[in-house]
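The values are calculated or read from the model by the stated rules, or taken from the named source; none is laboratory data. Computed from a predicted structure; not experimentally measured. Note that we place each Cβ from the backbone using ideal geometry, even for glycine, and neighbour counts take in every protein chain shown. These area figures cover heavy atoms from the full protein model, side chains too; ligands, DNA and RNA do not enter into them. Shrake-Rupley method; radii C 1.70, N 1.55, O 1.52, S 1.80 Å.
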Amino acid sequence: MTTTETPPAPVLSGRRSTLLDFSDVALRFPNGTVALQGVDLTVDRGEFVTVVGPSGCGKSTLLRIASGLETASEGDADVDTDRIGYVFQDATLLPWRSILDNVELLAELNGMPKAERAVRAREAIDLVGLSGFEKNLPKQLSGGMKMRASLARSLTLDPELFLFDEPFGALDEITRERLNDELLRLFVEKGFAGLFITHSVSEAVYLSTRVIVMSGRPGRIVGEFDVPFPMPRDPEIRFTAEFAELVGEVSHALREGHH
Ligand code: ADP
């Protein structure tokens, strides 16, 4: 009888699956305000992680650390990619530039050759459904359309990790729901990982593969929920009992963590 050796573990084409790995992260501002404490958080490829928490608990600070705009005062905050997209609460478009020129901006700042960035910008504009508005100025667009332009601007860099700081918070509900669906379509199509911040529990559950609940300041993680609904997500799941039940559980954890 020949002994069979255990076959070697398959090599996953050299790509690590964890893109963001925070371990025991704390942040204390120079004025003494402690924004975050003991935060353990990972985001793997293929995940869309949403963070919900009360106002001022440190959610934006968490994203700022992930993007390198802020440095953790304690713990390890590892991010394993340079290709990071960042969409803010405000679309931050330059008012004097056309939509096309705004969408090209990040690629331009990154030194991408003009011909290539023009192609990428037009592709991104098409992806977010803004074709036909390339020559318009931001003030001629609705709030939802400005957000689409902001998304397109980040998409030109083909991010592996996409950070979203309450991007749809200021929009009406119908527009927000439509943009949620568009974002999920992009997530499935482009394959980036997402880290998304919101106040809305139903938005969190609808968008994500995992929901993280933070306590009031200093922000700590007080709950974590896997979202079992498959991607691409059927908009109708919003009206199911399973969806309502999960929204209820997350809301409960949020209230508990607020005390
Ligand atoms: P959230 O996004 O959850 O509303 P933030 O991350 O913006 O919260 O802020 C967390 C806390 O840290 C808040 O209380 C805020 O006032 C405070 N904070 C934010 N930036 C600074 C800063 N540069 N210096 C001092 N305190 C800050």
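Being open to solvent by 50 Å² or more (accessible area, probe 1.4 Å), more than 14 Å from the ligand (Cβ to nearest atom) and touching a strand residue (DSSP E or B) at 6+ places or on another chain (Cβ under 6 Å) narrows it down to one residue among 82, 78; which is it?
Details: 82 fails: touching a strand residue (DSSP E or B) at 6+ places or on another chain (Cβ under 6 Å).
Just a single option satisfies the conditions, and that option is 78.
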*Hits in the range 23-42 - residues which are within 16 Å of residue 197 (Cα to Cα) and crowded, with 24+ Cβ neighbours inside 10 Å*: 36, 39
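Taking the range 41-69 only, how many residues are touching an Asp or Glu at 6+ places or on another chain (Cβ under 7 Å) and either under 16 Å from residue 167 (Cβ atoms) or within 13 Å of the ligand (Cβ to nearest atom) (or both)? Even if it seems obvious, please write down each step before you answer.
To start, the set of residues in the range 41-69 that are touching an Asp or Glu at 6+ places or on another chain (Cβ under 7 Å) comprises 42, 60-61, 63-64.
Going one step further and asking which of them are either under 16 Å from residue 167 (Cβ atoms) or within 13 Å of the ligand (Cβ to nearest atom) (or both), we end up with 60-61, 63-64.
Counting residues in the range 41-69 that are touching an Asp or Glu at 6+ places or on another chain (Cβ under 7 Å) and either under 16 Å from residue 167 (Cβ atoms) or within 13 Å of the ligand (Cβ to nearest atom) (or both) gives 4.
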*What are the pairs, 6+ residues apart or on separate chains, where a residue within the range 58-72 that is in contact (Cβ under 8 Å) with a residue 40 or more places away in the chain has its Cβ under 7 Å from a residue that is open to solvent by 30 Å² or more (accessible area, probe 1.4 Å) and within 7 Å of the ligand (Cβ to nearest atom)?*
58/217
_I'm checking my understanding of the structure. Among residues of the range 54-75 that are in contact with a strand residue (DSSP E or B) (Cβ under 6 Å, 6 or more places away or on another chain) and in a loop (DSSP other than H, G, I, E, B), which one is most open to solvent (accessible area, probe 1.4 Å)?_
73
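I'd like the residue in the range 27-40 that is in contact with a Pro (Cβ under 8 Å, 6 or more places away or on another chain) and among the hydrophobic types (A, V, I, L, M, F, W, C) and, out of all such residues, is nearest to the ligand (Cβ to nearest atom). So that I can check it myself, show each step before the final result.
Residues of the range 27-40 in contact with a Pro (Cβ under 8 Å, 6 or more places away or on another chain): 34-37.
Checking which are among the hydrophobic types (A, V, I, L, M, F, W, C) leaves us with 34-36.
Values: 34: 8, 35: 4, 36: 8 Å.
Per the criteria, the residue is 35.
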_I need the helices (runs of 4 or more DSSP H) fully contained in the range 93-184, keeping only those with at least 1 residues that are open to solvent by 30 Å² or more (accessible area, probe 1.4 Å), in contact with a Pro (Cβ under 9 Å, 6 or more places away or on another chain) and not assigned by TED's automatic domain parsing to the domain that holds residue 205._
143-155
